[in-house]
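Enquirer: Here it is: the structure, laid out below.
The values are calculated or read from the model by the stated rules, or taken from the named source; none is laboratory data. Treat the numbers as computed from the prediction; the structure is a model and nothing was measured. We place every Cβ from the backbone using ideal geometry, glycine too, and count neighbours over all the protein chains shown. To get the accessible areas, we keep the full protein, side chains included, count just its heavy atoms, and leave off ligands, DNA and RNA. Shrake-Rupley method; radii C 1.70, N 1.55, O 1.52, S 1.80 Å.
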Amino acid sequence: MDQKYILDSGKYLAGLYDRITYLGDIKGSLAWGRLDQLLEKVQETRNNIFEFTEKELLSRIRDLEDRIRFFEERVAKTLRPIEIVNIARSVQRFTLQDILENVYDSFTELGGEGDCNIDPAVLVARATLTRRVKNRLYYHQVMVIGHEKGRGEEYRNGGSAKPWGNEKALRYMKVAETEGIPIHSYIFTPGAYPTEDYPGAAQQIARNLFQMSRIRVPVVSFISEGGSGGAEAIGLSDMRLMGSRGYYSVISPEGAAAIEGRIKEGEKVPQELVEHCAAQLRITARDNLILKTIDRIIEEPPLGARRDDFSFFRKLRYEMIRATDEVVLKTKSLRAFRAYALKRQARESRDSSCEDFDIHIKWSLSDTEKARLLECRSEKYRKIGKGFRQLRTSLGRKMEKARDSLKQSYYDIRYGLLRHHSRSVQKILEEVSSEGFIFLKTVTEPMRAAYDFVFPKPESPSATEVFDPFRRSIFVQDWEHYISPLANEDRTVTCPNAEKYGCRDLWVPDLYGEFCGVCPSCGHHFPLEYQWYLENLFDKDSVKEFNSHIASANPLKFEGFDKKLKKAKKRTGRRSAIITFDAAVHEIKLVVAMLYSDFRSGTVGCAEGEKFIRACDRARTTRRPFLAYIHTTGGIRIHEGTLGVIQMPRCTVAVREYIDSGGLYMVVYDNNSYAGPVASFLGCSPYQVGIRSSRIGFAGPRVIRETTGADVPPDYHSAKNALKRGHIQGIWDRRDFRKNLFEAMMTMGSPHLYYK
Amino acid sequence: MDINLNDLLRQYKSHPYEDHHIDTPHTGVVSFRVKEGQEVKGPSGQWLHRPGTLLYILEREKNPKKITSSFTGKVASLRTELEGTFVQAGERLLTIQHKLNRDEIIDRILRKVLHIFRAPQRARYFFTPETVTFLEKETEKGLSVSTGDEIIIMSLMKRDTFLPYDGPPGIIYKVYFQQGDLVEQDAPLFGVCLPEKLPFVQKVIQRIRTEWDD
């Protein structure tokens with residue numbers, strides 16, 4: 001042993017040097033515990049290594065090592081959340097390249113190498129994994145997708161994926177789907193790179209989530225550093241693993257501190273506040289396991305695994321194989337899975353060598369198994385992230401359930417079974433009559449009469465009926481019954497475009513009354529309260545709210561948030577930032593979800609996500625169009641931490657199921673729509689429209705300036721620019737909203753909708 | 001083109017400022033936010049999106065409107081007696097004196113004495129190859145042009161158009177663009193000096209260069 005020390009003393013001292021700097025990384029500075037002095041001593045020993053006798057050197061090294069070990073133990077004992085963040089961000093932490101080299105047997109990087117790459121922050125590789133079963137080797141092919149933080153290389157942006165990087169990830173996910181091989185995704189990102197350049201950070205993440213929610217191969221993800229939207233872009237999976245010294249969070253602790261402390265741009269965020277937020281956000285692996293946002297923790301050494309920790313890589317390899325096995329087995333018959341689970345448990349209790357497997361499981365799936373996989377995924381996401389309160393008794397809940405199932409069967413019969421038959425009969429009749437055999441008319445006429453008797457025409461209006469200008473104009477609207485309370489002031493306001501277009505000052509009662517909050521000369525839309533839309537967009541008295549008993553809560557027990565929540569509830573008289581209701585536009589019934597600004601700036605948390613999903617499901621059972629009207633959304637509610645983030649994939653899964661079942665999902669953005677919701681369940685809609693003067697984007701100008709260091713033009717997020725970039729499909733005037741919405745419902749959507 | 005350069009120079013020397021008068025855009029009650037002699041700044045930022053210094057607030061119909069400075073300079077002749085009173089539209093409230101530096105004065109003088117040839121539309125502009133070689137060789141002498149000479153090429157959407165010079169004959173004194181620059185419509189391309197005025201202009205410019213201190 002001693003001999004080894006002497007021979008490798010240079011290498012050994014370099015190792016000690018790294019261990020001290022690593023401790024410095026964790027603690028935030030080398031000043032802690034006088035680490036800098038210790039470092040100096042190591043450096044001195046390194047420089048004068050040939051001045052010492054063997055004995056001196058040996059005792060010196062031993063002394064240094066003892067002291068370092070003492071420090072390491074002390075740090076490990078009192079590891080705080082902010083220190084875990086520091087571990088996850090340390091340059092000495094393992095990266096995806098290390099995993100590819102050590103966990104997989106061979107790999108081929110796809111879509112570029114190093115900096116010759118569309119986005120070096122996202123790494124994609126075809127890799128091979130070996131499984132040893134009783135001294136026989138089996139090979140698995142997998143698609144590895146992840147972020148590369150980059151061993152200090154600048155061009156990787158520290159693992160912040162640009163939109164085109166996420167697009168690359170999605171492209172290769174589809175390749176994996178075609179080839180039928182599982183996807184292993186590794187998340188090492190502090191967040192997505194905030195840029196609106198095509199395809200746009202938010203839009204691309206939304207597209208990724210939309211596709212991943214129904215990707216027909218097993219997906220297993222591993223989180224080391226999971227920063228909100230960037231993590232979700234490749235993180236929607238059947239099994240989510242997490243390193244015990246990783247973090248998974250809705251926002252960086254610094255960002256949360258800046259928001260919580262209302263720190264002005266350019267000012268320094270106090271360290272204590274950052275630490276406080278890191279603790280409050282529940283970002284560690286253990287917290288996330290309790291919140292059920294992850295499925296399993298992979299244990300790392302007390303101070304985190306580093307790039308040369310080969311035993312950790314062995315464990316990771318074992319866990320990745322095991323997780324993929326489980327996902328695959330869940331799609332198979334229950335008996336086989338049970339047998340496997342029992343076997344595994346028995347073995348694990350025996351030893352923890354993490355080397356051998358008892359059985360070989362093939363990772364390719366049949367069609368029925370694929371269907372089951374998607375079912376499992378949907379179930380999994382619908383189960384998690386339920387940190388809301390239900391203000392209803394258990395009896396009420398049971399009644400609700402019974403009503404739901406009744407409704408389901410009613411609509412299935414009315415619009416499914418009966419309509420299916422009526423359609424096929426109609427089709428035959430049409431085909432027969434189109435042959436032009438007039439003499440057949442005598443035969444078909446009684447048949448048609450009989451058909452009309454059995455299947456009477458639906459009461460809802462058909463397209464021709466409503467468009468007939470003689471009977472009814474779609475411009476007839478009963479506007480005047482609601483006038484915005486903003487109009488009750490006797491004063492004037494100036495249009496923000498007055499300098500550019502010479503708009504005249506507007507008298508407030510005119511502006512908010514007759515002009516509907518629109519500048520008559522330039523068309524600028526002044527913000528209006530959400531009630532205006534409730535009253536003017538839909539048919540009179542058609543708005544029927546549901547699920548209002550679901551209330552926002554404080555699932556993380558975030559300090560001070562209860563008070564804020566109470567205040568918001570008192571101010572708005574509502575329980576969450578979303579209103580879901582049935583409504584009608586020109587007698588076409590539809591389901592609407594409306595995020596509004598008065599309640600915590602329209603941020604999305606567990607209650608909002610749940611209400612959105614229930615509205616989505618309601619639209620699916622009743623076969624109605626589904627409109628998401630976004631009065632304002634400020635993103636995911638940071639006070640609900642990862643429970644909020646998980647609403648992104650959750651709601652996207654529900655939306656995907658609705659769209660796949662033939663629904664019409666439309667999103668209309670108004671005022672300000674940013675961040676998480678836009679990057680998931682809103683951005684994935686095929687029909688997205690902005691109201692004039694609205695702003696749509698991923699990150700606000702301040703966040704862009706702070707993360708990328710580049711300034712953005714003042715109209716960067718405007719609806720007009722969003723349209724130019726192809727993020728939305730049109731810009732509507734507020735006054736034409738009702739008309740356009742009706743037209744959209746008549747012209748878009750599949751025949752699956754009830755009125756078609 | 002008959003401008004007395006000495007007068008012009010004397011004028012600039014006695015009052016080296018450019019005055020921007022600030023008048024009210026409409027009626028209202030004025031309350032000033034600046035003091036006499038205060039330095040104010042114009043809009044800043046890459047897109048001039050950060051407004052300049054707040055000059056005064058004009059309130060009409062309970063609509064207080066913030067009027068910010070569009071120029072950088074010093075506040076002068078501030079009419080403090082109007083503070084808190086109702087004023088008519090077009091009432092002069094203050095003047096912003098922008099102190100001209102050496103280059104700005106030269107530029108202004110040149111624009112007065114030279115005949116400026118402007119870009120007819122937004123496009124890329126080039127001198128013809130012969131002109132370029134001439135300009136490179138004869139840096140001292142300067143290129144003389146006469147009416148109708150085609151010395152500039154306008155390049156737009158892969159189409160090159162020769163533009164004839166339409167001013168009085170003279171010598172190209174100043175070029176405002178680089179070869180192949182994208183020039184906005186109506187921006188100056190080059191200035192032509194009448195041959196008889198050339199020595200005098202050169203002398204004046206030289207004098208400003210040496211004598212003027214910023």
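Enquirer: Going by a ≥ b ≥ c, the root eigenvalues of the Cα gyration tensor, does the stretch A:1-144 fall in the rounded group (a/c under 1.5), the prolate group (a/b larger than b/c) or the oblate group? Intermediate values should be presented prior to the final figure.
Expert: Values: a/c = 2.28, a/b = 1.71, b/c = 1.33.
It is prolate, given that a/c is not under 1.5 and a/b is the larger ratio.
Enquirer: In what order, largest first, do A:E225, A:E499, A:E299 sit by accessible area if the probe radius is 1.4 Å? It would help to have the intermediate numbers written out before the result.
Expert: Numbers: A:E225 0, A:E499 190, A:E299 80 Å².
If we order A:E225, A:E499, A:E299 from most to least accessible, we get A:E499, A:E299, A:E225.
Enquirer: Where in the stretch A:499-516 does accessible area fall by at least 10 Å² between the isolated chain and the complete protein assembly, at a 1.4 Å probe radius?
Expert: A:D505
Enquirer: Another question, then. Solvent-accessible area per residue for chain A at a 1.4 Å probe radius, Å²?
Expert: Working: 34340 Å² over 756 residues.
The answer is 45 Å² per residue.
Enquirer: In whole Hz, with x marking every Gly and Pro, tabulate ³J(HN,Hα) for the stretch B:47-56 from phi via Karplus 6.51 cos²θ - 1.76 cosθ + 1.60, θ = phi - 60°.
Expert: Karplus-based 3J(HN,Hα) across the stretch B:47-56 equals 10, 6, 8, 8, x, x, 5, 6, 8, 7 Hz.
Enquirer: Once amide H atoms are placed 1.01 Å from N in the peptide plane, what residues at a sequence separation of 5 or more from B:V192, or on another chain, have their amide H within under 5 Å of its amide H?
Expert: Sorted by chain and number, the residues that satisfy this are B:H115, B:I116, B:F117, B:Y173.
Enquirer: What residue among B:N4, A:G502, A:L23 has its Cα farthest toward the positive end of the dipole of the protein assembly as shown, where the charges are +1 on Lys, Arg and -1 on Asp, Glu, each on the Cβ?
Expert: So the residue furthest toward the plus end is A:L23.
Enquirer: Give B:K137/B:K158; A:K407/A:K589; B:K13/B:K99; A:K332/A:K380 a once-over and call out the pairs whose C-alpha atoms are over 19 Å from each other. Let's see the in-between values first.
Expert: Numbers: B:K137/B:K158 29 Å; A:K407/A:K589 16 Å; B:K13/B:K99 11 Å; A:K332/A:K380 16 Å.
Table pairs above 19 Å Cα-Cα are B:K137/B:K158.
Enquirer: Additional query: Would the stretch B:17-99 count as rounded, prolate or oblate if I go by the C-alpha gyration tensor, calling it rounded below 1.5 in a/c and otherwise prolate when a/b exceeds b/c, oblate otherwise?
Expert: It comes out oblate by the Cα gyration axes.
Enquirer: For chain A, find the longest principal axis of its Cα atoms and tell me its angle to the long axis of helix A:418-434, 0 to 90°, nearest 10.
Expert: So the inclination is approximately 60 degrees.
Enquirer: Please list, in order along the stretch B:39-44, the HN-Hα scalar couplings obtained from phi with the Karplus expression 6.51 cos²θ - 1.76 cosθ + 1.60 (θ = phi - 60°), rounded to whole Hz, x for Gly and Pro.
Expert: Once rounded to whole Hz, the list reads 7, 10, 10, x, x, 9.
Enquirer: Then there is this: Mind checking the angle between helix A:54-77 and chain A's longest principal axis? C-alpha axes, 0 to 90 degrees, to the nearest 10.
Expert: Tilt relative to chain A: about 30 degrees.
Enquirer: State the antiparallel share, in %, of DSSP beta bridges confined to the stretch A:93-383, rounding to the nearest 5. Intermediate values should be presented prior to the final figure.
Expert: Values: 21 of 43 bridges.
Counting only bridges with both partners in the stretch A:93-383, antiparallel ones make up about 50 percent.
Enquirer: Just which residues of the stretch B:35-62 lose 30 Å² or more accessible area with every protein chain there, against their chain alone, with the probe set to 1.4 Å?
Expert: Checking the loss per residue gives B:W47, B:H49, B:R60, B:E61, B:K62.
Enquirer: Using the Cα centre as the reference, give the magnitude of the dipole from point charges on the C-beta atoms of the stretch A:93-383 (Lys, Arg: +1; Asp, Glu: -1; all else neutral), rounded to the nearest 20 debye. Please list the in-between numbers first.
Expert: Values: 46 positive and 42 negative charges, 310 e Å.
Value, rounded to 20: 1480 debye.
Enquirer: Which whole-Hz couplings ³J(HN,Hα) result when phi for each residue of the stretch A:567-575 is put into the Karplus expression 6.51 cos²θ - 1.76 cosθ + 1.60, θ = phi - 60°, listed in order with x for Gly and Pro?
Expert: 4, 4, 5, 5, 5, 9, x, 10, 10
Enquirer: Also: Going highest first, how would you order A:187-194, B:77-84 by mean Cβ packing within 10 Å? Spell out each step's value before the answer.
Expert: Details: A:187-194: 27.6, B:77-84: 13.5.
Result, highest mean first: A:187-194, B:77-84.
Enquirer: Could I ask something else about it? Counting only protein heavy atoms and using a 1.4 Å probe, what share of the accessible area of the stretch B:17-99 belongs to carbon plus sulfur, as a whole percent?
Expert: Numbers: 2360 of 4630 Å².
Whole-percent figure for carbon plus sulfur exposure: 51.
Enquirer: Could you list the trypsin sites (Lys or Arg not before Pro) in the stretch B:38-76 that lie in coil according to DSSP, counting only those with at most 15 other Cβ atoms within 10 Å of their Cβ? Numbers along the way, then the final one.
Expert: Working: sites: B:K41, B:R60, B:K62, B:K65, B:K66, B:K74; in loops: B:K41, B:K62.
Those satisfying the criteria are B:K41, B:K62.
Enquirer: Could you sort the residues of the stretch A:708-723 by number and keep only those whose accessible area is reduced by 40 Å² or more in the all-protein-chain setting relative to the chain alone, 1.4 Å probe?
Expert: Residues meeting the cut-off: A:D711, A:P714.
Enquirer: For the stretch B:17-99, what does the accessible surface come to per residue with a 1.4 Å probe? Please give it in Å². Show your work: numbers first, answer last.
Expert: Working: 4630 Å² over 83 residues.
About 56 Å² of surface per residue is accessible.
Enquirer: Follow-up question, since we're still on this one. First compute the accessible area of the stretch A:528-747 with a 1.4 Å probe, then give the percent of it belonging to carbon and sulfur atoms.
Expert: Values: 3100 of 6660 Å².
Of all accessible area on the stretch A:528-747, carbon and sulfur atoms account for 47 percent.
Enquirer: Between helix A:647-660 and chain A, what is the angle of the helix's C-alpha long axis to the longest principal axis, kept within 0 to 90° and rounded to the nearest 10?
Expert: Here the helix axis deviates by roughly 40 degrees.
Enquirer: Moving on. Using amide H atoms built 1.01 Å from N in the peptide plane, name the residues 5+ places from A:A628, or on other chains, whose amide H lies under 5 Å from its own.
Expert: Excluding prolines and chain starts, which carry no amide H, the hits are A:A593, A:M666, A:V667, A:V668.
Enquirer: May I pose another question? Over chain A, calculate the relative contact order: mean separation of alpha carbon pairs under 8 Å at least 6 apart, over the residue count, as a percent. Could the numbers behind the result be given before it?
Expert: Values: 1342 pairs, mean separation 88.4, N = 756.
Relative contact order of chain A: 12 percent.
Enquirer: From the helices alone, meaning DSSP H stretches of at least four residues, give me the mean residue ellipticity at 222 nm for chain A, per-run term -39500 (n - 2.57), in deg cm²/dmol to the nearest 500. Please report the intermediate quantities before stating the final value.
Expert: Numbers: 30 runs with 342 residues, N = 756.
So the helix-based figure for chain A works out to -14000 deg cm²/dmol.
Enquirer: Separate question: If you take every DSSP beta bridge whose two residues both sit in the protein assembly as shown, what share of them, in percent to the nearest 5, is antiparallel?
Expert: Working: 86 of 129 bridges.
Here the share of antiparallel DSSP bridges comes out near 65 percent.
Enquirer: Continuing with this model, one more query. For the protein assembly as shown, rounded, prolate or oblate, judged on the Cα gyration tensor with a ≥ b ≥ c (square roots of eigenvalues), a/c < 1.5 rounded, else prolate if a/b > b/c?
Expert: Working: a/c = 1.86, a/b = 1.18, b/c = 1.57.
Note, shape of the protein assembly as shown comes out oblate.
Enquirer: Can you pull out the buried accessible area for chains B and A, both sides counted, probe 1.4 Å, rounded to the nearest 100 Å²?
Expert: The contact between A and B buries close to 900 Å².
Enquirer: Write down the accessible area per residue of the stretch B:103-211 in Å², having rolled a 1.4 Å probe over the full set of protein chains.
Expert: Working: 6410 Å² over 109 residues.
For the stretch B:103-211, the solvent-accessible area averages 59 Å² per residue.
Enquirer: Dipole of chain B, Cα-centred, from +1 at each Lys and Arg C-beta and -1 at each Asp and Glu C-beta, to the nearest 20 debye?
Expert: Numbers: 30 positive and 30 negative charges, 117 e Å.
The dipole magnitude comes to about 560 debye.
Enquirer: Same structure, new question: Treating only the Cβ atoms of Lys and Arg (+1) and Asp and Glu (-1) as charged, compute the dipole magnitude of chain A about its Cα centre; round to the nearest 20 debye. Numbers along the way, then the final one.
Expert: On the way: 117 positive and 100 negative charges, 532 e Å.
Approximately 2560 debye in magnitude.
Enquirer: What percent antiparallel are the DSSP beta bridges of the stretch A:528-747, to the nearest 5? Don't skip to the answer; put the middle values down first.
Expert: Values: 12 of 33 bridges.
For the stretch A:528-747, the DSSP antiparallel bridge percentage is about 35.
Enquirer: Shifting gears a bit: When the accessible area of the stretch A:93-383 is computed with all protein chains present and a 1.4 Å probe, what percentage of it is carbon and sulfur?
Expert: Numbers: 5680 of 11550 Å².
Result for the stretch A:93-383: 49 percent of the exposed heavy-atom area is carbon or sulfur.
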